[in-house]
């Protein structure tokens, strides 16, 4: 027997009853106030299974990954909580700045400093947020590449032979 929900207008109560389908549309007495209650549509989520995943109806053919719509499920090895469509292509390390880029950065920085000095003499300081962002991002790029260089310069272990070792192994005495 199917389960049906009924609503009582008098006491604003909702209750469920197991009824045969032929008696579902008839009014039922409310268990609280004995007033007649009418049947309401049950509040349930209709879904289907597609490719082993539950899908809400209507199904638009997309999948969900951590609250974001994607066109296909994860079907290859990726890092935890990542989806290939959302991560995109991984970028390599930031490239070292060229001499031309450093020169352009220096001229931009001096021009910006001169403009700041001129505007401080006048009505007030004028700030150019796009230029400041550009200067700061270049500075961050230079700092990141210098850190990477420092890590590469770390001392390598001594693998040469010394008086105490023969071809990298301790002498037996």
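The values are calculated or read from the model by the stated rules, or taken from the named source; none is laboratory data. Note that this is a predicted model, so its numbers are computed, not measured. Methodologically, a virtual Cβ is constructed for each residue, glycine included, from the backbone with ideal geometry; neighbour enumeration extends over all protein chains shown.
Would you confirm, using the coordinates I've provided, whether residue 25 is outside the structural domain of residue 140 (by TED's automatic domain parsing), in a loop (DSSP other than H, G, I, E, B), over 30 Å from residue 146 (Cβ atoms) and at pLDDT below 80? Taking the combined requirement at face value, the residue does not satisfy it. Scanning segment 125-134 for residues that are within 12 Å of residue 115 (Cβ to Cβ) and either at pLDDT 80 or above or assigned to a helix (DSSP H, G or I) (or both) yields a count of 2. From the residues in segment 49-80 that are in a loop (DSSP other than H, G, I, E, B) and surrounded by 10 or more Cβ atoms within 10 Å (Cβ to Cβ), which one is modelled with the highest pLDDT? It comes out as 72.
Of all the criteria given as (1) modelled with pLDDT under 70; (2) loosely packed, with under 12 Cβ neighbours inside 10 Å; (3) more than 35 Å from the chain's Cα centre (by Cα), the one not satisfied by residue 165 is (2).
Quick one: would you say residue 104 is at negative phi, in a helix (DSSP H, G or I) and at pLDDT 80 or above? Spelling it out, residue 104 is indeed at negative phi, in a helix (DSSP H, G or I) and at pLDDT 80 or above.
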